[in-house]
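Colleague: Could you have a look at this structure, given as C-alpha cells, before my questions?
The values are calculated or read from the model by the stated rules, or taken from the named source; none is laboratory data. Keep in mind that what you see is a predicted model, and the values were worked out from it rather than measured. No Cβ is skipped: glycine too gets one built from the backbone with ideal geometry, and neighbour counts run over all protein chains shown. Keep in mind that these areas ignore ligands, DNA and RNA; they rest on the heavy atoms of the full protein, side chains included. Shrake-Rupley method; radii C 1.70, N 1.55, O 1.52, S 1.80 Å.
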Amino acid sequence: MNNQQIKEKLQSLADVPDFTVVLSGKKSKKVDGLYKPDLREIIIHNKNMRNDDDTMYTAIHEFAHHIQCTTSGIPVSGKHHTRIFWAIFHNLLKKAEEKKIYNNAFKKDESFIKLTKTIRENYIVKNGKLMKELGGLLAKAKNFCYEQHLNFDDYADRELGIHRNIAAALINIHSLDISPEIGFENMKTVVSIRTPEKRVQAEQSFIEKESSDVVKESIIKGKDLDDNSEDSVKKLLIEKNKIIKTIDTLEKKLANINSKINKLDGKAGVIQ
C-alpha cells in the first residue's frame with residue numbers, strides 16, 4: 001500500500017479534517033508510527049511492518065490521535081492516550097474489521113483463538129460466577145447484620161477484609177443478576193450505572209465484546225464516537241473555568257505560605 005491508499009482507507013472510517021499520510025521508509029526501535037498535530041501528519045515506519053494488517057493497525061492508531069486532536073474543543077497532545085482516545089481507536093478498529101480494511105490477528109490465529117477461549121471460559125466467566133455467588137452470601141450477611149443491629153460495613157471491612165464499596169457492588173451484581181460472562185471488572189461497571197436502560201445496554205455491549213473504554217464513553221457518558229461535531233466553545237469555557245479555579249486555589253495557598261513565613265521571620269528576629 002502507498003500513502004494515498006492508506007489515506008483513502010482511513011477516510012472511509014470517519015469524516016474528519018484533512019490529513020497527510022507519510023511512509024517514512026525507515027525502521028524504528030521506539031515506535032511503529034506517530035502523529036504530528038501541528039502538521040496533521042500521520043507517519044508510519046513501514047520498515048517495521050510485516051504485512052498490510054500491521055500497517056493499517058498503526059495507521060488507525062495514529063488516525064485516532066488525529067480525530068481526537070481535531071475534534072476536541074480543548075488542546076490535546078498527539079501522544080495523549082486518554083480513555084476517549086482508546087474508545088475512538090477501538091471503535092475505528094471495529095469499523096475497519098467490518099469493512100475488511102483490517103484483519104484482527106486475534107481472530108484468525110488459531111493459537112490466539114484457543115488461548116482466548118481458555119481464558120474466557122476457565123477464568124473470566126468462572127471468576128464472574130464466583131463473584132456473583134459471593135454477592136449472594138454478602139447479601140445474606142447484610143441481612144444478619146440488620147437483624148442483630150450490627151454494622152455491615154464494619155463486618156465487610158474488618159472481618160472479611162473486603163472494602164465496603166466492593167461488598168456493596170458484589171451485592172448489587174447478585175441482586176441485579178448481571179451476567180458473569182462479561183467478567184467481574186465489567187460487572188462492576190454495569191452495576192455502577194443508575195439508569196436501568198443504560199445498564200442493560202452496557203451489559204449487552206460487554207457481551208458483544210465492546211471494550212470498557214467504548215462502553216464508558218458511548219453509553220455511560222452518552223458520547224457518539226462517530227459524531228465529530230463537538231461544542232468547542234463550551235469545552236473551552238469548561239477548561240478555562242478549571243484553570244481559573246486552579247490559579248485561585250494556588251494563589252490562596254501561596255498567600256498562606258507567605259503569611260507563615262512572615263510570622264516565622266518575626267519570631268526569629270525576637271531575642272529573649
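Colleague: Give me the percent of accessible area attributable to carbon and sulfur for region 113-183, probe 1.4 angstrom.
Modeller: Carbon and sulfur: 54 percent of the exposed surface of region 113-183.
Colleague: For region 87-148, which trypsin sites (Lys or Arg not before Pro) are both in a DSSP coil and crowded by at most 16 other Cβ atoms within 10 Å?
Modeller: Lys99, Lys100
Colleague: Can I ask one more? Pull up all non-local amide H partners of Val21: gap of 5 or more, or a different chain, and H-to-H distance under 5 Å with H placed in the peptide plane.
Modeller: Here the answer is Ile42, since their amide H atoms fall under 5 Å of that of Val21.
Colleague: What's the tally of Lys pairs in region 130-216 whose alpha-carbon atoms lie under 28 angstrom apart, where the two lysines are 8 or more places apart or on different chains?
Modeller: 15
Colleague: Work out from phi, with θ = phi - 60° and the Karplus expression 6.51 cos²θ - 1.76 cosθ + 1.60, the ³J(HN,Hα) of each residue of region 64-71, listed in order in whole Hz, and give x for Gly and Pro.
Modeller: So the Karplus estimates, Gly and Pro as x, are 4, 4, 4, 4, 5, 5, 8, 10 Hz.
Colleague: List the longest stretch of the chain that has no exposed loop site; here a site is one of the GluC sites (Glu not before Pro) assigned by DSSP to anything other than H, G, I, E or B, with at most 16 other Cβ within 10 Å.
Modeller: That would be 1-207.
Colleague: Using θ = phi - 60° and the Karplus curve 6.51 cos²θ - 1.76 cosθ + 1.60, what whole-Hz ³J(HN,Hα) does each residue of region 83-99 get, with Gly and Pro shown as x?
Modeller: Running phi through 6.51 cos²θ - 1.76 cosθ + 1.60 with θ = phi - 60° gives 4, 5, 4, 5, 5, 4, 4, 5, 5, 5, 4, 4, 4, 5, 5, 5, 8 Hz.
Colleague: While we're on this one: Please tell me the relative contact order of the chain in percent, rounded to the nearest whole number, where contacts are Cα pairs under 8 Å and at least six residues apart.
Modeller: 16 percent
Colleague: May I pose another question? Hey, what did region 142-223 get for relative contact order, percent, Cα under 8 Å, at least 6 apart?
Modeller: 17 percent
Colleague: For the chain, give me the percentage of DSSP beta bridges that are antiparallel, rounded to the nearest 5 percent.
Modeller: In the chain, approximately 50 percent of DSSP beta bridges are antiparallel ones.
Colleague: Could you give the accessible area per residue of region 1-147, probe 1.4 Å, as a whole number in Å²?
Modeller: 61 Å²
Colleague: Still on this model: At a Cα cut-off below 20 Å, give the lysines reachable from Lys27, other chains included and same-chain residues fewer than 8 away excluded.
Modeller: Lys36, Lys47, Lys79
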